[in-house]
Amino acid sequence: MILSDKKIMEAIENGQIVIEPFLRECLGTNSYDVHLGKWLATYNDPILDARKHNQITHFQIPEEGLVLQPGTLYLGVTEEYTETHNSVPFLEGKSSVGRLGIDIHATAGKGDVGFCNTWTLEISCTQPVRIYAGMPIGQLIYFLVDGEIERYYNAKGDAKYNQRTEKPVESMMWKNRF
């Protein structure tokens with residue numbers, strides 16, 4: 001079941017969902033709009049290796065915006081820090097962003113119950129497009145969980161993305177054993 005605007009507000013009021021900063025005008029009928037933070041990153045090497053720690057370089061989006069180029073993976077971050085303690089958050093792109101040819105995630109649209117952080121975005125584009133810090137970039141949709149949770153994400157010792165950050169975080173695939 002997807003939470004409605006009223007249910008999202010109830011969850012915020014009782015601390016089951018945290019959104020910082022929270023702006024009432026960003027709450028839609030059944031979602032909450034999130035915004036692109038000022039930090040982006042790109043990988044340093046042209047060939048990525050799933051078994052190695054691929055390094056990234058962070059940079060800020062200038063006030064005049066930044067033109068994204070096709071064929072480059074940009075890691076972005078939401079302005080909003082979120083916590084979800086009773087539902088599964090899904091991050092989806094806004095249709096207006098998609099209509100500009102921008103994808104905001106390659107595969108990681110679902111968060112875990114207990115995820116407490118900003119969202120790293122996996123941004124790509126189909127043609128050059130100028131983006132700006134603070135622009136609406138996506139929407140969070142919340143699905144209720146049926147049943148008790150045994151291990152919340154923020155309590156897992158092996159969770160790779162628990163450290164609070166204002167910058168995008170590179171892949172931690174290299175921490176897996178395979």
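Residue by residue, here is whether (1) crowded, with 20+ Cβ neighbours inside 10 Å; (2) more than 26 Å from Gly114 (Cα to Cα) holds:
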residue	(1), (2)
Gly65	no, yes
Thr72	no, yes
Leu75	yes, no
Thr78	yes, no
Tyr81	no, no
Ser87	yes, no
Legend entry - Unmet criterion (only one of (1) buried (at least 19 other Cβ atoms within 10 Å of the Cβ); (2) more than 14 Å from Tyr32 (Cα to Cα); (3) of a type in the set (A, V, I, L, M, F, W, C); (4) at pLDDT 95 or above) for Phe59: (1)
Legend entry - Residue that is surrounded by the fewest Cβ atoms within 10 Å (Cβ to Cβ) [pool: residues in region 104-123 that are of a type in the set (A, V, I, L, M, F, W, C) and either within 19 Å of Tyr153 (Cβ to Cβ) or at pLDDT 95 or above (or both)]: Ala108
Legend entry - Qualifying residue in region 24-46 (condition: among the aliphatic types (A, V, I, L, M), closer than 22 Å to Thr165 by Cβ and surrounded by fewer than 17 Cβ atoms within 10 Å (Cβ to Cβ)): no
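Listed here are the residues, each with its yes/no results for (1) under 17 Å from Tyr81 (Cα atoms); (2) surrounded by 17 or more Cβ atoms within 10 Å (Cβ to Cβ).
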{"site": "Ile102", "(1), (2)": "no, yes"}
{"site": "Tyr132", "(1), (2)": "no, no"}
{"site": "Ile141", "(1), (2)": "yes, yes"}
{"site": "Asp146", "(1), (2)": "no, no"}
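Among residues belonging to region 129-165 that are of a type in the set (Gly, Ala, Ser) and over 19 Å from the mean Cα position of the chain (by Cα), point out the one that is modelled with the lowest pLDDT.
Restricting to residues being of a type in the set (Gly, Ala, Ser) and over 19 Å from the mean Cα position of the chain (by Cα), the top hit is Gly157.
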Legend entry - Spans of strands (runs of 3 or more DSSP E) in region 120-178 with at least 1 residues in contact with an Asp or Glu (Cβ under 9 Å, 6 or more places away or on another chain), within 29 Å of Asn44 (Cβ to Cβ) and free of Cβ contacts under 8 Å to residues at least 60 places away in the same chain: 120-125
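The values are calculated or read from the model by the stated rules, or taken from the named source; none is laboratory data. Bear in mind the structure is a predicted one, so any value in this text is a computation, not a measurement. Heads up, the Cβs are rebuilt from the backbone with ideal geometry, glycines too, and the neighbour counts pull from every protein chain shown.
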